[in-house]
Amino acid sequence: MSRVLVVDDESAIRDAVVYALRSDGFDVEEAADGETALQRALSGEQDVVVLDLMLPGMPGTEVCRRIRAESAVPIIMLTAKGEEVDRVVGLELGADDYVTKPFSMAELVGRIRAILRRRDLDRSGRGGKVRVGTLELDPVRHEARVDGNAKRLTPSEFKLVLLLAEQPERAFSRREIMQHLWDSEYVGDQRACDIHISNLRQKLERDPMRPERIVTVRGIGYKLAVV
C-alpha cells in the first residue's frame, strides 16, 4: 500500500484530501505545519508528499527546499489560484508537479497515481545503463552521473532526461515531454516543462547559462546533445 503525506493547515481541506485518499486505498499521514511535515517527509516512509505552500511558521517553499536537499520523494504542491510565482519557485526548488485550488479529488488522485506509476516503471523497467556522451543514467538505481560525478535528480527530472536520452539529438516538443511525464493526454501548464529543463541544466551543464547538453530547439522544444 502506497503511503501519502498530506500537508495543509486548513483542516477542512486536509480532512477532505485524507478521506478521499484513504477511500482510494492509500495509507495516509497528515501534518498541519511545516516542521511536522519536514520530519515526517524525511522519515523515509513516504511515497508521495502533497504539500500546501501556505503554511504557518515554516512556509511550504522552505519545506520543499529542505526535503529536496535530502530526499528524492515526489512532491505535489497545492497552490491557490493566481499564485504563479509560488508555483514557479516550488518547481525550481524541486517539486514534481502542482495542483491549483480549488481542485477535484479525482485530479489529485490521478496525479498521485501517475507519479507512483512512474516510480514503478523506473524501478522495474530497463536494466541497462544509458550513456549519451559523458552523461550516464541508471534507471534501476535512479542515478545520474556527468563525467563520473553523481547528480541528484528529482523523479520528474530523471524521467525527463531519460526520455531525451532514448533518442539523442531528436527534438521533443513540450507537449510530448509533459505527456510522457504524466502518462496522460492531459498535460496541464506546459511552462512546467521549461522549469524542469532549467533545473536539469543547473545540475547537468558546465555552464547553465550556455547549455550544450540540453539544447533548446526553437519553435519545437528541447533535445539532448552528445557532449
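For segment 69-104, a residue qualifies if it is open to solvent by less than 40 Å² (accessible area, probe 1.4 Å) and part of a helix (DSSP H, G or I), and the qualifying residues are Arg87, Gly90, Leu91. Scan segment 143-151 and tell me whether some residue there is part of a helix (DSSP H, G or I) and farther than 22 Å from Glu10 by Cβ. So far as segment 143-151 goes, no, none of its residues is part of a helix (DSSP H, G or I) and farther than 22 Å from Glu10 by Cβ.
Taken residue by residue, segment 7-29 has at least one member that is among the aromatic types (Phe, Trp, Tyr) and within 20 Å of the chain's Cα centre (by Cα). So Asn149 fits all but one of (1) at pLDDT 90 or above; (2) touching a Cys at 6+ places or on another chain (Cβ under 8 Å); what number is the exception? Unmet condition: (2).
Just one of the listed residues (Ala150, Ala171) is small (Gly, Ala, Ser) and touching a Lys or Arg at 6+ places or on another chain (Cβ under 6 Å), namely Ala171. Scanning segment 186-208 for residues that are β-branched (Val, Ile, Thr) and either touching a helix residue (DSSP H, G or I) at 6+ places or on another chain (Cβ under 7 Å) or part of a loop (DSSP other than H, G, I, E, B) (or both) yields Val187, Ile195.
I'd like the full set of residues that are assigned to a helix (DSSP H, G or I) and open to solvent by 50 Å² or more (accessible area, probe 1.4 Å), limited to segment 23-68. Residues satisfying the conditions are Ser23, Glu35, Gln39, Arg40, Arg65, Arg66.
Total residues in segment 209-224 satisfying the condition of being surrounded by 15 or more Cβ atoms within 10 Å (Cβ to Cβ) and assigned to a loop (DSSP other than H, G, I, E, B): the figure is 2. For segment 1-52, a residue qualifies if it is among the aromatic types (Phe, Trp, Tyr) and free of Cβ contacts under 8 Å to residues at least 12 places away in the same chain, and exactly one does: Tyr19.
The values are calculated or read from the model by the stated rules, or taken from the named source; none is laboratory data. As the structure is a prediction and not an experimental result, all values here were calculated from the model. Glycine also receives a Cβ, built like all others from the backbone with ideal geometry; neighbour counts cover every protein chain displayed. Note: areas computed on protein heavy atoms with side chains; ligands, DNA, RNA excluded. Shrake-Rupley method; radii C 1.70, N 1.55, O 1.52, S 1.80 Å.
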